[in-house]
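Here is the structure we will look at, set down as structure tokens.
The values are calculated or read from the model by the stated rules, or taken from the named source; none is laboratory data. No experiment lies behind these values; they were computed from the predicted model shown. Virtual Cβ from ideal backbone geometry, glycine too; neighbours counted across all protein chains shown. Only protein heavy atoms, including side chains, enter the accessible area calculation; ligands, DNA and RNA are left aside. Shrake-Rupley method; radii C 1.70, N 1.55, O 1.52, S 1.80 Å.
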Amino acid sequence: MEYFGEGSKTKTKSISTSGKILIAATGGVGIGLSVICASFVAPAFRRICLPYVPATTEQVRNVLNFLPKNSQGKLLDIGSGDGRIVVAAAKHGFNADGVELNPWLVWYSRISALRHGVHRQTHFYRRDLWKYSITPYEYVVIFGVEQMMQDLEKKLIAEAPGNAKIIACRFPLPNLQPKSLIEDGVNTVWFYDLNKAKSPDRTTSA
């Protein structure tokens, strides 16, 4: 018959406690990572998937080419991601807002705006873009996917002011005619003057 003294019991208890702490810590990290990852994966389960794809330096530059400097106008970035377009527009002189569904990207954008010294000219909202009004904005920047452009075009026609300027990145609006564009491969940007752009629906209703 084997005998285990008090030292063995203490050691066993210590190992057991350490193991429990390690398991709890690992579980906590796992849950935290799951929550964060879920925010990025969740859009894939929506009717229209709008994944997070950061704007390239070339795309930001191409967008800025269509924005007047020091205009102090209002700009909205639909699907603002990490906020780089909004921050760049604010540095350009705009009061710029971003709409984004991922809460982590919204907070990252706010921190980025603070770090770049433009937090007073920017606002980031965690909203569903289909329920967010675009009526107050003179400029609207779109980083979307092809499947959403048809519905988004209808929303723009219905809600945007008549003098609104639309800048579409990656995919054009299907019916409106762009006033101009910067052709740059995947960084191509389309510029629309809503007051002058024509679509079959608008022509019929005119």
Notebook entry, point to check: Within segment 66-102, which residues are in contact with a strand residue (DSSP E or B) (Cβ under 6 Å, 6 or more places away or on another chain) and closer than 19 Å to Pro172 by Cα?
Noted result: Phe66, Leu75, Leu76, Asp77, Ile78, Gly79, Ser80, Ile85
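Would you point out which residue out of Ala206, Ala160 is modelled with pLDDT under 95 and farther than 30 Å from Trp107 by Cα? Full working, then the answer.
Details: Ala160 fails: farther than 30 Å from Trp107 by Cα.
One residue alone meets the criteria, Ala206.
Among the listed residues Val118, Val141, Val106, identify the single one that is outside any loop (DSSP other than H, G, I, E, B), within 21 Å of Pro68 (Cβ to Cβ) and at pLDDT 95 or above.
Details: Val118 fails: outside any loop (DSSP other than H, G, I, E, B); Val106 fails: within 21 Å of Pro68 (Cβ to Cβ).
Result: Val141 is the single residue among Val118, Val141, Val106 that is outside any loop (DSSP other than H, G, I, E, B), within 21 Å of Pro68 (Cβ to Cβ) and at pLDDT 95 or above.
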Notebook entry, point to check: Can you find a residue in segment 49-57 that is modelled with pLDDT under 55, under 22 Å from Ile134 (Cα atoms), loosely packed, with under 15 Cβ neighbours inside 10 Å and not charged (D, E, K, R)?
Noted result: yes
Notebook entry, point to check: Which residue pairs have Cβ atoms closer than 8 Å, lie 6 or more positions apart in sequence or on different chains, and pair a first residue in segment 108-127 that is without any contact (Cβ under 8 Å) to a residue 12 or more places away in the chain with a second residue that is surrounded by 14 or more Cβ atoms within 10 Å (Cβ to Cβ)?
Noted result: His119/Arg110; His119/Ala113
Margin query: Tell me the residue from Leu194, Leu173, Leu181 that is in contact with a helix residue (DSSP H, G or I) (Cβ under 6 Å, 6 or more places away or on another chain), surrounded by 13 or more Cβ atoms within 10 Å (Cβ to Cβ), free of Cβ contacts under 8 Å to residues at least 60 places away in the same chain and not basic (Lys, Arg), please.
Written below: Leu173
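Taking the criterion of being touching a residue at least 12 places away in the same chain (Cβ under 8 Å), under 25 Å from Glu146 (Cβ atoms), in a loop (DSSP other than H, G, I, E, B) and small (Gly, Ala, Ser), would at least one residue in segment 83-94 satisfy it?
Restricting attention to segment 83-94, the residues satisfying the condition of being touching a residue at least 12 places away in the same chain (Cβ under 8 Å) are 83-94.
Filter again for under 25 Å from Glu146 (Cβ atoms), leaving 83-86, 88-89.
Filter once more, so that each one left must be in a loop (DSSP other than H, G, I, E, B): 83.
Those still in the list that are small (Gly, Ala, Ser) too: 83.
Looking for residues that are touching a residue at least 12 places away in the same chain (Cβ under 8 Å), under 25 Å from Glu146 (Cβ atoms), in a loop (DSSP other than H, G, I, E, B) and small (Gly, Ala, Ser), one finds at least one in segment 83-94, hence yes.
Quick one: would you say Ile85 is hydrophobic (A, V, I, L, M, F, W, C), open to solvent by less than 70 Å² (accessible area, probe 1.4 Å) and under 17 Å from Asn187 (Cα atoms)?
Working: hydrophobic (A, V, I, L, M, F, W, C): yes; open to solvent by less than 70 Å² (accessible area, probe 1.4 Å): yes; under 17 Å from Asn187 (Cα atoms): yes.
Here the answer is yes, as Ile85 does meet what is asked.
Which members of segment 152-168 meet the condition of being assigned to a helix (DSSP H, G or I) and either of a type in the set (Lys, Arg) or under 21 Å from Ile85 (Cβ atoms) (or both)? Can you show your working first?
The initial filter retains those residues of segment 152-168 that are assigned to a helix (DSSP H, G or I), namely 152-159.
Leu152, Glu153, Lys154, Lys155, Leu156, Glu159 - these are the residues of segment 152-168 that are assigned to a helix (DSSP H, G or I) and either of a type in the set (Lys, Arg) or under 21 Å from Ile85 (Cβ atoms) (or both).
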Checklist line | Given (1) surrounded by 15 or more Cβ atoms within 10 Å (Cβ to Cβ); (2) at pLDDT below 95; (3) assigned by the TED database to the domain that holds Ala164, index of the condition Ser39 fails | finding: (3)
